[in-house]
Amino acid sequence: MAVARGDLMRHDRRKFLMLTGTGLAAVSAGSLVQPNQATGQASATDTGNSGSWDTVRAAFDLSEDRIHMSAMLIASHPKPVRDAIEEHRRGLDADPVGYLERNDSRLTRAVRSAAAGYLDTHASLVALTDSTTMGLGLVYNGLRLRPGQEIITTDEDYYVTHESVRLATARSGADMRKIALFQNLDGVTAEEIVDRIAREIGPSTRALAVTWVHSSTGLKIPVARIAERLQEINAGRDEDDRVLLCVDGVHGFGTEDSDMPGLGCDFLMAGCHKWLFGPRGTGIIAASERGFSATRPTIPSFIDDSTFSAWINNEAPAGANDGARMTPGGFKAFEHRWALTQAFEFHDGMGKENVAARTHELAGALKEGLAGFTNVSLVTPQSPELSSGIVSFDVDGISPQQAVSALRERGIVASVAPYTRPHVRLTPSVRNTEAEIETVLSAVHSLVD
Ligand SMILES: Cc1ncc(COP(=O)(O)O)c(C=O)c1O
């Protein structure tokens with residue numbers, strides 16, 4: 001099986017150069033390479049300038065003794081992120097209060113702007129969290145729900161969506177309903193998914209809680225088409241009765257070439273510590289104005305001045321809820337939070353469209369190989385329209401746990417989907433190579449020989 005060699009240089013060369021120390025000198029003023037504002041030093045990697053995915057790969061300190069097909073779980077930090085964390089850590093260790101006072105507002109603003117740039121939205125519509133899970137909990141528990149209203153979710157969503165919705169509805173007196181997204185995954189179409197959802201929505205449906213890319217089967221749902229159908233349904237509804245589209249976006253965030261206007265959802269919750277390769281313990285909520293207005297914060301914000309001054313003046317905060325108010329306060333692992341800017345820059349340097357193309361290229365090659373093995377059942381759809389970087393499959397006669405253990409013995413990091421119906425998951429990302437895909441395929445083949 002041959003895999004076409006992805007060529008990063010198809011992307012805007014100027015942006016690519018930010019990944020490389022040698023390219024820095026060639027980058028003109030006004031480029032995407034921003035000096036690190038705390039130190040004035042450039043925040044680019046120093047990995048050489050081969051102009052290929054090898055350069056991206058070299059930015060990671062991944063051990064060479066195994067193949068890491070695990071981007072969906074927890075990130076390895078690329079060099080610009082490692083460097084930024086280290087620099088902030090040193091600053092905080094030397095002068096915790098002074099460093100925080102000098103840098104926090106500016107660096108936190110920079111992170112929200114970088115996230116907004118990545119998602120083509122406004123920074124005021126971005127909240128910072130610690131994880132996808134925290135974002136889901138804050139959004140579902142913060143929704144202004146009336147008793148008798150319902151949140152619809154699906155059989156395919158993960159524990160964190162189901163549990164957040166369960167807790168939110170139990171608290172508010174609203175109902176939770178799970179629906180089936182398809183008859184059979186094999187043969188599912190985007191139309192079927194959209195039609196089934198539309199059929200289930202009733203007058204009391206206040207929110208639709210879905211997941212962009214499922215971590216069980218790898219199915220990617222057509223979020224934009226669902227949003228379009230909801231727009232038609234919402235056209236005749238009062239503001240407080242509109243169906244809000246809430247998406248656990250973590251496995252499309254950092255793999256797909258999409259943004260908030262393109263997705264059309266009201267809420268996107270994602271951890272930044274998986275495919276985005278951001279600092280561990282970081283995440284975002286991006287929402288529409290309508291979405292934030294329909295929600296209340298749960299945890300006091302430390303970055304919303306108006307809430308704080310309202311407290312000082314013993315008043316209720318005025319104005320609308322937004323990303324600042326929805327950002328949970330308390331002192332943070334600031335060196336990680338602030339270094340999130342470098343993760344967005346890293347992706348911007350690769351080019352979102354290149355990242356998506358490369359992820360699909362590697363996952364596509366893996367799926368094609370697996371589909372050719374008689375004792376392997378590929379679970380994830382092969383169509384790029386209905387899949388992303390997660391590749392799920394079953395091996396005849398071996399449990400997913402046994403298959404994953406056997407792959408680990410062969411130096412390959414796969415995982416088992418923690419769902420009622422478990423599958424083996426391999427999740428190639430831009431960190432992986434064509435040669436690794438071939439090695440993984442040989443290893444899976446050796447399991448079924
Ligand atoms: C669909 C989905 N959502 C959320 C999570 C948890 O993400 P986080 O660690 O960012 O909370 C996972 C798994 O790690 C997942 O598969």
So which pairs qualify, if the first residue must be in the stretch 255-274 and outside any strand (DSSP E or B), the second must be open to solvent by 10 Å² or more (accessible area, probe 1.4 Å) and of a type in the set (Asp, Glu), the Cβ gap must be under 7 Å, and the two must be at least 6 apart or on different chains? Asp257/Glu353; Asp259/Asp120; Met260/Asp120; Pro261/Asp120; Gly264/Glu228
Scan (1) within 16 Å of the ligand (Cβ to nearest atom); (2) surrounded by fewer than 21 Cβ atoms within 10 Å (Cβ to Cβ); (3) not in a helix (DSSP H, G or I) for the single condition Asn141 breaks and write down its number. (3)
Go through the residues of the stretch 156-173 one by one and say whether even a single one is away from the ligand (no atom under 13 Å from the Cβ), over 22 Å from Arg296 (Cβ atoms) and either at pLDDT 95 or above or in contact with a Leu (Cβ under 6 Å, 6 or more places away or on another chain) (or both). no
If I ask for residues that are assigned to a loop (DSSP other than H, G, I, E, B) and within 19 Å of the chain's Cα centre (by Cα), which ones from the stretch 63-101 would you list? Met69, Ala71, Met72, Leu73, Ile74, Ala75, Ser76, His77
Hey, among Val213, Val111, Val160, which residue is under 21 Å from the mean Cα position of the chain (by Cα) and closer than 22 Å to Gln231 by Cα? Val213
Does the stretch 348-366 contain any residue that is within 21 Å of Ala75 (Cβ to Cβ), of a type in the set (Ser, Thr, Tyr) and over 21 Å from the mean Cα position of the chain (by Cα)? no
In the stretch 173-182, anything over 18 Å from Thr211 (Cα atoms), open to solvent by 30 Å² or more (accessible area, probe 1.4 Å) and of a type outside the set (Asp, Glu) is listed as Gly173
When you scan the stretch 286-309, do you find a residue that is part of a loop (DSSP other than H, G, I, E, B), within 16 Å of Phe344 (Cα to Cα), under 13 Å from the mean Cα position of the chain (by Cα) and not β-branched (Val, Ile, Thr), even just one? no
When residues of the stretch 234-254 are filtered for being in a strand (DSSP E or B) and closer than 17 Å to Val126 by Cβ, how many remain? 3
Let me confirm something: among Arg421, Arg337, which residue is farther than 19 Å from Asp257 by Cβ, among the basic types (Lys, Arg) and part of a loop (DSSP other than H, G, I, E, B)? Arg421
Of the conditions (1) assigned to a helix (DSSP H, G or I); (2) more than 18 Å from Thr420 (Cβ to Cβ), Arg206 fails just one. Which one is it? (1)
Restricted to the stretch 424-449 and to residues being assigned to a loop (DSSP other than H, G, I, E, B) and of a type in the set (D, E, K, R), the residue least open to solvent (accessible area, probe 1.4 Å) is Arg431
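Residues are listed down the side, and each one gets a yes or a no for (1) buried (at least 20 other Cβ atoms within 10 Å of the Cβ); (2) away from the ligand (no atom under 16 Å from the Cβ):
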position: Glu232; (1), (2): no, yes
position: Asp238; (1), (2): no, yes
position: Gly278; (1), (2): yes, no
position: Gly281; (1), (2): no, no
position: Gly291; (1), (2): yes, yes
position: Thr295; (1), (2): yes, yes
Restricting the stretch 195-210 to residues that are over 22 Å from the mean Cα position of the chain (by Cα) and open to solvent by less than 20 Å² (accessible area, probe 1.4 Å), the one nearest to the ligand (Cβ to nearest atom) turns out to be Ile197
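The values are calculated or read from the model by the stated rules, or taken from the named source; none is laboratory data. In this text the structure is predicted, and so the values were computed from the model without any measurement. No Cβ is skipped: glycine too gets one built from the backbone with ideal geometry, and neighbour counts run over all protein chains shown. Please note that ligands, DNA and RNA were not included when accessible areas were found on the heavy atoms of the full protein model with its side chains. Shrake-Rupley method; radii C 1.70, N 1.55, O 1.52, S 1.80 Å.
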